[in-house]
Amino acid sequence: MLYYNVALGARRVSLVYRQLSVLKKTMIDIKTVISTVQKRLERGSVGIGIELKTYKRDRGITIVKVTDDHLLIREDGFVKNEFEIPVEKLKKTLRSLLKKEFPRSKKVWLSEKRLSG
């Protein structure tokens, strides 16, 4: 179980990263990942998580919707890093992370998870 403490202004948001249920798990083309992730995060509520994994599932990126305008990204692959970004910077950040974590991949596993908060 991983605990995230994210400082957002004057209040602190604490999310417990627990897999309650996998809503959808599909393999999609790398060219459609950015648009698919953006659409699913837009229509999802706070606490929804999207996990991108390689075919072998040894490297991945997890994106958690902390608030309506902030996302928490955790990369677990060549580099292990965790940071928070505004929703407006998702496209640029995800593009650079995909190049770094999935350099030769043509398809990735996409899992949509519901996280408790």
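Some points to look at:
- Among the residues listed as Lys100, Lys25, the single one being in a strand (DSSP E or B) and over 12 Å from the mean Cα position of the chain (by Cα): Lys25
- Breaking point among (1) part of a strand (DSSP E or B); (2) modelled with pLDDT under 95; (3) surrounded by 11 or more Cβ atoms within 10 Å (Cβ to Cβ), for Ile85: (2)
- Within segment 30-82, the set of residues being among the β-branched types (Val, Ile, Thr), out of contact with any strand residue (DSSP E or B) (no Cβ under 9 Å at 6 or more places or on another chain) and surrounded by fewer than 15 Cβ atoms within 10 Å (Cβ to Cβ) comprises Thr32, Val79.
- For segment 53-82, a residue qualifies if it is farther than 16 Å from Ile34 by Cα, touching a residue at least 24 places away in the same chain (Cβ under 8 Å) and outside any strand (DSSP E or B), and the qualifying residues are Tyr55, Arg57, Arg59, Val66, Thr67, Gly77.
The values are calculated or read from the model by the stated rules, or taken from the named source; none is laboratory data. Being a predicted model, the structure only gives us computed values, none of them experimental. Here Cβ is always computed from backbone atoms with ideal geometry, including for glycine, and neighbour counts include all displayed protein chains.
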